[in-house]
Protein chains: 2
Amino acid sequence: MSTALLTDQYELTMLDAAIGSGRHERQCVFEVFARRLPDSRRYGIVAGTGRLLELIEEFRFGDEELGFLARNSIVSPTTIDWLANYRFTGDISGYREGDAYFPGSPVLTVEGTFAEAVLLETLALSVLNYDSAVASAAARMVSAAGARPIAEMGSRRTGERSAVASARAAYIAGFSATSNLEAGRSWGVPTMGTAAHSFTLLHDSEEEAFQAQVDALGPSTTLLVDTYDVENAVELAVKVAGTGLGAVRIDSGDLATQVASVRAQLDSLGATKTRITVTNDLDEHAIAALRAAPVDSFGVGTSVVTGSGYPAAGMVYKLVAHHNEAGEWVSVAKKSTAKATVGGHKAAIRTMENGVASSELIYQTVDARPEVEGRELIVPLMTAGTADAQWLGDGGTLAARDHREDAMAELPQTAFRLSRGEPVLPTLYR
Amino acid sequence: MSTALLTDQYELTMLDAAIGSGRHERQCVFEVFARRLPDSRRYGIVAGTGRLLELIEEFRFGDEELGFLARNSIVSPTTIDWLANYRFTGDISGYREGDAYFPGSPVLTVEGTFAEAVLLETLALSVLNYDSAVASAAARMVSAAGARPIAEMGSRRTGERSAVASARAAYIAGFSATSNLEAGRSWGVPTMGTAAHSFTLLHDSEEEAFQAQVDALGPSTTLLVDTYDVENAVELAVKVAGTGLGAVRIDSGDLATQVASVRAQLDSLGATKTRITVTNDLDEHAIAALRAAPVDSFGVGTSVVTGSGYPAAGMVYKLVAHHNEAGEWVSVAKKSTAKATVGGHKAAIRTMENGVASSELIYQTVDARPEVEGRELIVPLMTAGTADAQWLGDGGTLAARDHREDAMAELPQTAFRLSRGEPVLPTLYR
C-alpha cells in the first residue's frame, strides 16, 4: 500500500513550484526537532523511527496516486512525470529509536534534494509525533510501576492503525505486552488478554463462565472478578480454578482498598501465588499511588495511547541548510517571533560527568567535535535511500526497547519525578 | 488488507472459550454508547460509521492472520478452523453518521451470534472513538467560526492513518477542506494547501520564492507572509502577484493585532479582495476570540486531530441482551459500581417541542414506541452482513456532512456555547 498520499497537499505544490523555478534539485538538509517538551515532562522518548523507515520505502506514486493528482490538477503534468519515478535516494540519520530527547534535539536529519526531501515532511512528522507522544507517556508509567509489568490495552481509544503504532511505542518504552494482535504480528510485541465482562454476562452464571474460561485457557488464566460482586467472584474463581489460578483482574472501583481486601481473601483461600492485575483508568499518577498496594501488574488503556494529556509530541520538520548556486552550504532559519529556529546541519552529544548525563550538546557538523566526554547521539538510519536493516521489523523494535533502557540508566534520578519540572538536561549550543 | 487483527486478544480468547462452552452461537445484542460527554461539551457528533462499515467487510482471517494465531497458540485449532470461514453475517443499526449524541445514546447496535459480534468490539470502538472525538471538537470550531471556512491541516499531529480519518471526520463536522491528500482520494474531501516556510527559505530571496509560486499556481494562490517580516512580505506579495492575489497566510504572532494591520495594508495597496487566512495554533476558543478580526478563513491543526483536549470519545461496546436456552431474550448488564449499564435492546427518539429538540428518549424495542413527537434516531446500516451502500464512500461521507447540518439545526441555541456545561438535551429512559 503506497504511503505517498499520507501527505499535506502543500508538499506537492511546493515541489511543483520549485520544479518551475529550477530550485528543486538544490541539496538540502531538513531537521526534525521539538521546540519544547510537554510542560510537565523532564524528558521525551524518540519512537516511530523504525516504522518511518519502512513507510518511506513504500512512498511511491502509482497509477492510483498519480491519477488523483492529475484529475484534481494539484500539480502540473511535468511534476506528475517527475513523481512517477520518485523514490527517496538521500540519506537519513538521527537519534536511535528509544533514546531520550530534549528541546532542540535534532532527532532526525534528512539530506537530499529539496524535491526528494520536502515530500517526506508530513509522513515523518505523523509517525514521530504520535509514536513519541505515546512512548514519552509510557516511559513515565514504566518508571512509576517499578518492577511490576504493565500491559498496553488502549487499542479501542485511538484510531485503528494508530493502535498498532501505540502498542509498539509502549513496548519500546518498557511495557511488557499489548492486547493488540496486529502489533504482535507486525512487530513481535508479546500479546495478552483473556476475557471481558460480556463473557461472564453471556453465560447463565458467573460460575459457568469461569468454568468455560478455565476449560479453554487453563487454570493459569486471568479471571475478571468485578462483573457482579468482587468478593463472591474471588471465592468462585478459586473454587473453579483451584489455588493454582494465575490471576484475577479488577477493572472498577476504588483500587487501593479493593486490592488489599482481594489479596487478603486470596491468601485466606490458599491462593497465595495468584496475582492481582488492575486495569481501571490508570495513568502514571494512579500507578504511583498504588505503589504500596499488593498489585502484581497493571493494564493501561486510554492514557497511554493518548500520550497522557499530550497526544502529539510537537516535533517540526524544518529546512536548516541548502546549497547555493556555487554549491556551498548556506544555513537558513525562519526569523519570525516565537517560532524562530536554529539553522545549520547539526550533530549532538549527550555529555557525561561521572557516568551521569549532564547536557544535550548540539554543534554544527562543519565545526570540529567539542572535546567533551559523552555519547554521540546521531546514527545513520538510511543511506542512498536504503534503510539499515538493523532498525527495521521485530529486531529493530527490540533493539529500540533495549536502547531505551540504556538511555534511561544514564539520566539523573530527578528525570523520573512525575511532578512538573524543567527538562532534566539543559540543551547547549556550541 | 485484512482488519481482523486490529483486535484485542481477549475477543479471540473469549470466542475460544465460548466455543468450548457451546455458548458462542447464542444470539446477542451489543450496544455502543458513551457514559458521558467530555466534561466541557454540550453535545457530541457521531463519526466513523461509514468507515467502520467498510472495515467490517474487510474483517476476514486469511493465512497470515490464522498463521499468527496458530503459531502463538492464542486459540485452539477448532477455533482456527471456525475463524477461517468467518465473516460477519448479522445486522448493524445505529445513529446516522453526523448526528448529535448524548450520554447513553445507543449510537450503534450490533446483532448476531456472540461469536460473530464479540470479534468486532475493538475495531468498532477504535473507529467510533477516534472519529467522534475529532468530529465533536471540529463541530465546536465550525460554530465558533460562523460563516468563515475552516480547513483541517493537522495530519502531522496524529498517526499517519488517523490523519485520513481525522480529515474525513472534520469534513463531516463542517470543515470545508483538508490538507490531507489521501482523504481527498479515499473519501472525496476537498484538498487545499500551497507552501510552507521551507519554500521561501529554499530560494535566494522571498521575492524569488513568491514569483516561483505565482508562476506555478497563479495569482489566486495563498502566499505565506511570516517567514521574515510580515509587513515587507505583504508588500512584496502584492507587488509580485498583483492586486488579484488570492490570499495571504499568517502562521505566527499575535493574530488579532497582526490581522488588522495586514488588512489595512492590503487595502492601502489596492488588494481589497485578497483574503487573510490564519493558521497559528488555533482551537475553538482562539477562533471565537477572532470573531471581530478581519480573518477570512482558518486553518486548524493539532487541536482538531487531538479532539481539543479529548482525543478519545469514551464509547464502550457492551453486551445488553442475549437469547437464553429457550430462545427468549434476556437483558443483561454489568452491576459493579460506577460503570453500571442499562441492559436491553434499545431504540431512541430525539423528541421535539415547537421544532426544537427537547430530549434524547430511549426505550426498549420490546415496548411500544412512546407517543411523542420526534425523530427516530436509529437507522439500518448493515443487513445480514451487507452494508447499505448509501452510507459508504464519498457519497456516505457527504450525506453525513449534510445530516450533521440538519441535526445541528434542531438543537437549542445553548448547545453552541463554548463554555463548560451540561449536555444540552437530557437523556430520558422510558
**Item:** Overall form of the stretch B:8-60 per C-alpha gyration tensor (a/c, 1.5; a/b vs b/c)
**Value:** prolate
**Asked** Dipole of the stretch B:11-82 (Lys/Arg Cβ +1, Asp/Glu Cβ -1, origin at the Cα centre): which of B:Thr79, B:His24, B:Ile45 lies farthest to the positive side?
**Response** B:Ile45
**Complete:** Listed by chain and number, the residues whose amide H is under 5 Å from that of B:Thr365, excluding neighbours fewer than 5 places away on the same chain and using placed H, are B:His345, B:Lys346, B:Ala347
**Complete:** Fewest-first ordering of B:Asp91, A:Asp283, B:Asp204 by Cβ atoms within 10 Å yields B:Asp204, B:Asp91, A:Asp283
**Complete:** Taking a straight Cα-to-Cα line shorter than 27 Å from B:Lys273, and setting aside same-chain lysines fewer than 8 residues away, one finds B:Lys239
**Asked** Near A:Gly22, within a Cβ-to-Cβ distance under 13 Å, what is the net charge of the other residues, with Lys and Arg +1 and Asp and Glu -1?
**Response** -4
**Selected from B:Ser179, B:Ser40, B:Ser21 as most flexible by GNM, with chain B as the system and alpha-carbon contacts under 10 Å** = B:Ser21
**Prompt:** Given +1 on the Cβ of Lys and Arg, -1 on the Cβ of Asp and Glu, and no further charges, what dipole in debye does chain A carry about its Cα centre, rounded to the nearest 20?
**Reply:** 1060 debye
**Request:** Could you state the angle between the C-alpha long axis of helix A:162-172 and the longest principal axis of the C-alpha atoms of chain A, as a value from 0 to 90 degrees rounded to the nearest 10?
**Result:** 80 degrees
**Request:** Among A:Gly146, A:Ala196, A:Leu282, pick out the residue whose Cα is farthest towards the positive end of the charge dipole of the stretch A:145-307, where Lys and Arg carry +1 and Asp and Glu carry -1 on C-beta, about the Cα centre.
**Result:** A:Gly146
**Message:** Students often forget the sequence filter, so: which lysines lie under 24 Å Cα-Cα from B:Lys318 once same-chain residues fewer than 8 apart are removed?
**Reply:** B:Lys334, B:Lys335, B:Lys339, B:Lys346
**Asked** Nm distances between the label at A:Asp81 and the same-position labels in the remaining copies, 7 Å along Cα→Cβ, shortest first?
**Response** 6.0
**Prompt:** What does the charge dipole of the stretch A:379-422 about its Cα centre add up to, to the nearest 20 debye, if the Cβ of each Lys and Arg holds +1 and the Cβ of each Asp and Glu holds -1?
**Reply:** 240 debye
**Asked** Measuring from a point 7 Å out along Cα→Cβ, what nm distances, shortest first, does A:Glu325 have to its partners in the other copies?
**Response** 9.2
**Request:** Quick one: go through the stretch A:382-398 and flag any residue whose amide nitrogen is under 20 Å from the point 7 Å out along the Cα-to-Cβ line of A:Glu54.
**Result:** A:382-383, A:385-398
**Item:** Teacher prompt: A:Asp215 distances to equivalent labels in other copies, 7 Å Cα→Cβ, nm
**Value:** 7.8
**Message:** As I understand it, the value is the acute angle between the Cα axis of helix B:230-241 and the longest principal axis of the Cα atoms of chain B; what does it come to in degrees, rounded to 10?
**Reply:** 80 degrees
**Asked** Based solely on its DSSP helices, what 222 nm [θ] is calculated for chain B when runs of n ≥ 4 H residues each add -39,500 (n - 2.57) and the sum is averaged over all residues, nearest 500 deg cm²/dmol?
**Response** -11000 deg cm²/dmol
**Request:** For an R0 of 22 angstrom, estimate the FRET efficiency from the Cβ-Cβ distance between B:Asp204 and A:Thr89 and round to the nearest 0.05.
**Result:** 0.30
**Item:** GluC sites (Glu not before Pro) lying in DSSP loop within the stretch A:246-349, provided at most 16 other Cβ fall within 10 Å
**Value:** A:Glu325, A:Glu328
**Prompt:** Angle, helix A:121-145 long axis vs. longest principal axis of chain A, Cα atoms, 0 to 90°, nearest 10?
**Reply:** 30 degrees
**Request:** Only Lys, Arg, Asp and Glu count, each charged at its Cβ (+1, +1, -1, -1), so figure out the dipole size of the protein assembly as shown about its Cα centre, rounded to 20 debye.
**Result:** 1700 debye
**Prompt:** Once you list every other residue whose beta carbon is under 13 Å from the beta carbon of B:Gln265, what net charge do they have if Lys and Arg are +1 and Asp and Glu are -1?
**Reply:** -2
**Prompt:** Given the stretch B:141-308, what whole percent of its Cα pairs are spread farther than 26 Å?
**Reply:** 28 percent
**Asked** Over all residues in A:167-179, what is the mean tally of Cβ atoms on other chains that come within 10 Å of each residue's Cβ?
**Response** 1
**Prompt:** Any idea which of A:Ala326, B:Val356, B:Gly314 is furthest toward the positive side of the dipole for the protein assembly as shown, if Lys and Arg beta-carbons carry +1 and Asp and Glu beta-carbons -1?
**Reply:** B:Val356
**Item:** Percent antiparallel among DSSP beta bridges (both partners in chain B, rounded to 5)
**Value:** 70 percent
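Read-outs: derived from the displayed coordinates by stated rules, not from any lab. Remember, it's a predicted structure, so these values are computed and weren't measured experimentally. Note that we place each Cβ from the backbone using ideal geometry, even for glycine, and neighbour counts take in every protein chain shown.
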